[in-house]
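Have a look at the structure below before the remarks.
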Amino acid sequence: MVMLLVTSLAFSQTHLYENPDFDRITQDHQILAILPFKATVTLRPKQMKEITAEHMAKMELAEGREIQAGMYSWFLKRKKRGALGIDVQDPNTTNALLAKARISEDDYSMMTPQEIAEVLGVDAVIMGTFETTKPMSDGASIALGVLVGFYGSTNRAVANIFIYNAQDGVLLVNYNKAVAGSVGSSTEDLVNILMRKASRRITYTKKV
């Protein structure tokens, strides 16, 4: 049985931009969608030799969807507390609609936020990129630990998050944060760190 060590993530570089007209633009927003993130996992050369390209692609897809699920869970908790003034589309619905429209994470750069939001039927979309030196998902981490001696390595992750208005594609929020930690750091840990500061500046959320 492989045990995960519990460790903390450290704060590092942060950049947060909020559109000065955020309140006015979003005053009638009712629902937003969180897209699967475009994830990149950069392993050491020795580790890369033990992993096929297909395995890597699946791992990165899983990482991006775990960030999506983690953010959805974060928003739901605030909705339950009455600290969120907007509904969030279930990721299962989001991903099904994207699949029906044949839109993958690789297609984001070839589409406008308006086009993606129209497919999803939402007022705003959250999308972004995620780069890490080790996978955050438990399943992938355990597999790598067994296959290539992954445990003991320090993780560095960089997330770049964008929120776009559906009507005109205007950028509402851009949040870029780099964090560092070690093996026990989970997706939930990462999302909590990413959103803790951002939530103070995004008027979808409020203190209760």
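The values are calculated or read from the model by the stated rules, or taken from the named source; none is laboratory data. Treat the numbers as computed from the prediction; the structure is a model and nothing was measured. FYI the Cβ positions are ideal-geometry reconstructions off the backbone, even for glycines, and counts take in every protein chain you see.
Assess whether Lys207 counts as being at pLDDT below 65, surrounded by fewer than 20 Cβ atoms within 10 Å (Cβ to Cβ) and part of a helix (DSSP H, G or I). Full working, then the answer.
Numbers: at pLDDT below 65: yes; surrounded by fewer than 20 Cβ atoms within 10 Å (Cβ to Cβ): yes; part of a helix (DSSP H, G or I): no.
Here the answer is no, as Lys207 does not meet what is asked.
For the stretch 97-110, the set of residues classified as of a type in the set (A, V, I, L, M) and more than 19 Å from the chain's Cα centre (by Cα) consists of Ala101, Met110, listed by residue number. Within the stretch 111-134, one or more residues are of a type in the set (S, T, N, Q), surrounded by fewer than 18 Cβ atoms within 10 Å (Cβ to Cβ) and over 23 Å from Val158 (Cβ atoms).
Against the definition (over 25 Å from Arg24 (Cβ atoms) and surrounded by fewer than 18 Cβ atoms within 10 Å (Cβ to Cβ)), how does Ala83 come out, yes or no?
Values: over 25 Å from Arg24 (Cβ atoms): no; surrounded by fewer than 18 Cβ atoms within 10 Å (Cβ to Cβ): yes.
Considered against the rule, which asks whether it is over 25 Å from Arg24 (Cβ atoms) and surrounded by fewer than 18 Cβ atoms within 10 Å (Cβ to Cβ), Ala83 comes out as no.
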